[in-house]
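The values are calculated or read from the model by the stated rules, or taken from the named source; none is laboratory data. Computed from a predicted structure; not experimentally measured. Positions of Cβ are backbone-derived with ideal geometry, glycine not excepted, and every protein chain shown enters the neighbour counts. To get the accessible areas, we keep the full protein, side chains included, count just its heavy atoms, and leave off ligands, DNA and RNA. Shrake-Rupley method; radii C 1.70, N 1.55, O 1.52, S 1.80 Å.
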2 protein chains.
Amino acid sequence: MAESPSIPKGTRDFSPEISSKRNYIFDTVKSVFKKFAYKQIETPAMENLSTLTGKYGEEGDKLLFKILNSGDFLKKISNEELALRNIKSLTTKISEKGLRYDLTVPLARYVVQHRNEITFPFKRFQIQPVWRADKPQKGRYREFYQCDADIIGSNSILNELEIVQMIDEVFTKLNLKVTIKINNRKLLAGIAERIGYPEKLTQMTVAIDKLDKIGHEKVYEELQKSGFSENSLKLLEPILNISGNFDDQMQCIEKFLGETESGTAGTDEIQQLFNYLNIFKFNNKIELDIKLARGLNYYTGAIFEVVSDEIKIGSICGGGRYDDLTGIFGLKNVSGVGISFGADRIYDVLETLNKFPETITETVKIMFVNFGKKEEKYCLPLLKKLRNKEIPAEIFPDNAKMKKQMKYADANNIPFVAMAGENEISQNKFTIKNMNTGEQQLVTEEELINIISK
Amino acid sequence: MAESPSIPKGTRDFSPEISSKRNYIFDTVKSVFKKFAYKQIETPAMENLSTLTGKYGEEGDKLLFKILNSGDFLKKISNEELALRNIKSLTTKISEKGLRYDLTVPLARYVVQHRNEITFPFKRFQIQPVWRADKPQKGRYREFYQCDADIIGSNSILNELEIVQMIDEVFTKLNLKVTIKINNRKLLAGIAERIGYPEKLTQMTVAIDKLDKIGHEKVYEELQKSGFSENSLKLLEPILNISGNFDDQMQCIEKFLGETESGTAGTDEIQQLFNYLNIFKFNNKIELDIKLARGLNYYTGAIFEVVSDEIKIGSICGGGRYDDLTGIFGLKNVSGVGISFGADRIYDVLETLNKFPETITETVKIMFVNFGKKEEKYCLPLLKKLRNKEIPAEIFPDNAKMKKQMKYADANNIPFVAMAGENEISQNKFTIKNMNTGEQQLVTEEELINIISK
């Protein structure tokens, strides 16, 4: 036989079993999004490169998958230009379209393009694959799904509350224990301002984000290298040593920030959010984490990150508020807040903890063994009756060896097998076998339906 | 504002309303596939071009979307070669991957690649987008979904029966009336043989396929141009004039075909299938259509095609048996039979006939009007209670003008609106407004839940 065909590296086939498990995650997330009144949209896999380019930094531009123009893609390029081999400039001439890199830029593009049809606030969710020409490695793929919900066109902190509620509910439904970490970019900005380096906000937060990983000393070193003065680091001390519950932390932060403008806005927003959160009970821990610095170039207010309490795997969900999502396409002053669930990581957590419900892969309730034409004909009406009752069922299509048929039932995780030979037919009955216990019973149609409907 | 952003021609954004309607079709098809024990797989959007090229004919190769290699895509190409501007040869060097053109070649690739993990027969369904660089026009898109179910590794005609049952059930669930047309390639081969032109099977079937459209005379003309003799056309007469029910037609066909080998195999297969079909009642018409020639280069046995009885729009579903699907990847003698639902055309039929259920777009049951902080706080616990009962509900996030809030409820097709001002709060009640009738009632929490749960 010829060499076995394969798929591009970094991409995956999903078998029936894996698809079922993935759908369990998608369906759970989707049901919660819908319950909170987020509505689904879908955008094309291909976007114009003019939409995508420049939105993810220079590194991101390189990771865009680009589609070669159809037909004579060189026709607009002179011989001289071709000979120059300027890859960047040639790319723009032989490729006009690229594959979606995330769901956020397409959302911004969608909102601006359809702004006259949309009644704001616009609560949308989107569950679709994205593509990145990243170096493939364990847990990092070139095609993967994102599950995003965003509300566009509302400043209300109520939206942040609902995002926390959605996170709590999704992970409760998935039977996972998580910690929901919350921060606010304005608090970080206030801190940077207070220690005298408002312009070094990014360096400061990137460094203190590593506190748990590399420890105090190394964080100081990094900050020193970035040009923070001895005095500023001394000022920062109380923030690095912050501890206690929300109220303790807030007291410390408020004292630290004093009257800085963005600081006050930050404490105000975070206080509002926690006031909302205090109205409700949650199944998962919710923490203020002043060190959380996720997506800082992007978020302007609340920042969310979710980690598993049961396994170390990094962030499995994250999001935040961005005050100018659609500005890149010319529509100013539209605030949004959103959340993205990392389906692949959540899959890994569920798989590692063996927490996928067993019934997920049990897609068919019963298989009829095929003993030949006459027996087949005897089984077909009952098979039809089961399906009319919306019970997934099948008959083995060929009169194959019993062993082969049972192997099929086993491989497909089918819990019951029905058999009807001469003996059963003469009594107008079926033998039903429970594939888990091995138990066999001679039963009527009605009894059979009762057994498998349990 | 800058020029509005747009999407590549031939692609589409799906708004919440359109997404809901599309999901209604996908969910219906999926539920039937699952009930008949077909299991979902997913394959990557990108396949290696070596997998795709040469599988769809020369025209098809041109319609493949090709992905530009990352990095310096010219590095393997010499200056001399570049100067030659041989597009076809350059393409193979600057592009290694392409977008999926259909779900059939990826299925064949999947089956061969994973043959050692699969327990045959393999009943798989797949609902994913495909991409074709076709000239966009009304009803033809460059990105569209296919909904395919196939069973691989079984010759049994029982599979053909189940495919007809699935078609009947899908369209019954969608409340559409259709005709399911059935033919068999072997019958057509028998006819070509009988009139003395076994090698001109394709020309013959392509011509007689047009009978209803262009009439007898023009079909004869076309056949003459293709080199069929006067005598052969005379012989063909009874086939072109065939009419009556299944038995009448079969009598005519059997008499016509006599003892030709493929003819006998064809009548045998079609008789078997109709024997199965006669066991059951169907909601839709099922017809033998000897003129049906769909996908002839591909199918080797049964051929299916479904047309709407209510609107002229061409085929909305089709399929057939292919005896050597996986041969292209080196795995011989694996027979399959499958069906593909055309989601876009089915969408157009439902839309034109106004047959989408109204409730589809009613995604949220109730919206709480936001009258300010105090009123908000009063509403939040009930909102949470509703969601705990899995009732999709929301509160308008901002204390905006009443008009704006009601406009939002209207635009989102929300059937009930709840209001609580000072008066309601003092009585521990809510005013609920039925948005369809305009009727308002002052009710308790419990009464409200009852009203919207109806």
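A:Lys34 - would you say it is open to solvent by 20 Å² or more (accessible area, probe 1.4 Å) and within 7 Å of chain B (Cβ to nearest Cβ)?
Here the answer is yes, as A:Lys34 does meet what is asked.
Please go through region B:285-294 and give me each residue that is closer than 16 Å to B:Tyr322 by Cβ and either open to solvent by 40 Å² or more (accessible area, probe 1.4 Å) or among the basic types (Lys, Arg) (or both), ordered by number.
B:Arg294
For A:Asp344, work out the one condition from (1) under 28 Å from A:Leu201 (Cβ atoms); (2) open to solvent by 10 Å² or more (accessible area, probe 1.4 Å); (3) within 14 Å of another protein chain (Cβ to nearest Cβ); (4) in contact (Cβ under 8 Å) with a residue 24 or more places away in the chain it doesn't fulfil.
The failed condition is (1).
Report yes if B:Ile25 is among the β-branched types (Val, Ile, Thr) and either over 22 Å from B:Lys355 (Cβ atoms) or more than 9 Å from every other protein chain (Cβ to nearest Cβ) (or both), otherwise no.
Numbers: among the β-branched types (Val, Ile, Thr): yes; either over 22 Å from B:Lys355 (Cβ atoms) or more than 9 Å from every other protein chain (Cβ to nearest Cβ) (or both): yes.
When the stated conditions are applied, B:Ile25 passes them.
What's the number of the only condition in (1) within 18 Å of B:Leu201 (Cβ to Cβ); (2) β-branched (Val, Ile, Thr); (3) touching a strand residue (DSSP E or B) at 6+ places or on another chain (Cβ under 7 Å) that B:Ile286 fails to meet?
Condition (1) is where B:Ile286 drops out.
Would you mind telling me which numbered condition in (1) more than 14 Å from every other protein chain (Cβ to nearest Cβ); (2) assigned to a loop (DSSP other than H, G, I, E, B); (3) in contact (Cβ under 8 Å) with a residue 40 or more places away in the chain; (4) open to solvent by 30 Å² or more (accessible area, probe 1.4 Å) B:Leu331 fails?
Of everything listed in (1) more than 14 Å from every other protein chain (Cβ to nearest Cβ); (2) assigned to a loop (DSSP other than H, G, I, E, B); (3) in contact (Cβ under 8 Å) with a residue 40 or more places away in the chain; (4) open to solvent by 30 Å² or more (accessible area, probe 1.4 Å), B:Leu331 misses just condition (1).
Out of A:Ile191, A:Ile163, I need the residue that is in a helix (DSSP H, G or I), surrounded by 19 or more Cβ atoms within 10 Å (Cβ to Cβ) and more than 31 Å from the chain's Cα centre (by Cα). Which one?
A:Ile191
Those residues that are part of a loop (DSSP other than H, G, I, E, B), polar (S, T, N, Q) and more than 16 Å from A:Arg194 (Cβ to Cβ), I need them from region A:209-234; list them, please.
A:Ser226
Considering only region A:108-122, how many residues are more than 11 Å from A:Val334 (Cβ to Cβ) and either of a type in the set (Gly, Ala, Ser) or touching a Ser or Thr at 6+ places or on another chain (Cβ under 9 Å) (or both)?
The initial filter retains those residues of region A:108-122 that are more than 11 Å from A:Val334 (Cβ to Cβ), namely A:109-110, A:113-114, A:116-117, A:119.
Filter once more, so that each one left must be either of a type in the set (Gly, Ala, Ser) or touching a Ser or Thr at 6+ places or on another chain (Cβ under 9 Å) (or both): A:109-110, A:113-114, A:117.
Residues that pass the stated criteria total 5.
Quick one: in region A:1-22, of everything that is touching a residue at least 60 places away in the same chain (Cβ under 8 Å) and not in a loop (DSSP other than H, G, I, E, B), which residue is nearest to the other protein chains (Cβ to nearest Cβ)?
Result: A:Pro16.
I'd like the residue in region A:143-159 that is more than 8 Å from chain B (Cβ to nearest Cβ) and assigned to a loop (DSSP other than H, G, I, E, B) and, out of all such residues, is nearest to B:Lys404 (Cα to Cα).
The selected residue is A:Gly153.
Could you grab me the full set of residues in region B:49-63 that are within 9 Å of chain A (Cβ to nearest Cβ) and assigned to a loop (DSSP other than H, G, I, E, B)?
Within region B:49-63, B:Leu63 is the sole residue that qualifies.
Kindly establish whether A:Glu362 is over 30 Å from A:Tyr322 (Cβ atoms), charged (D, E, K, R) and more than 13 Å from every other protein chain (Cβ to nearest Cβ).
no
If you scan region A:66-96, which residues turn out to be closer than 17 Å to A:Ala133 by Cβ, open to solvent by 30 Å² or more (accessible area, probe 1.4 Å) and of a type outside the set (A, V, I, L, M, F, W, C)?
A:Lys66, A:Lys88, A:Thr92
Which is assigned to a strand (DSSP E or B), of a type outside the set (D, E, K, R) and either over 27 Å from B:Leu211 (Cα atoms) or open to solvent by less than 30 Å² (accessible area, probe 1.4 Å) (or both), of B:Phe282, B:Phe304?
The conditions single out B:Phe304.
In region A:318-327, is there at least one residue being at the interface with chain B (Cβ under 9 Å from one of its Cβ atoms) and surrounded by 14 or more Cβ atoms within 10 Å (Cβ to Cβ)?
No, there is no match, as no residue in region A:318-327 is at the interface with chain B (Cβ under 9 Å from one of its Cβ atoms) and surrounded by 14 or more Cβ atoms within 10 Å (Cβ to Cβ).
Counting just the residues of region B:118-140 that are at pLDDT 95 or above and open to solvent by 40 Å² or more (accessible area, probe 1.4 Å), which one comes out farthest from the other protein chains (Cβ to nearest Cβ)?
By that ranking, first place goes to B:Arg132.
State yes or no: is A:Glu305 among the charged types (D, E, K, R), under 23 Å from A:Arg194 (Cβ atoms) and in the same structural domain as A:Ser340 (by TED's automatic domain parsing)?
Against the criterion (among the charged types (D, E, K, R), under 23 Å from A:Arg194 (Cβ atoms) and in the same structural domain as A:Ser340 (by TED's automatic domain parsing)), A:Glu305 does not qualify.
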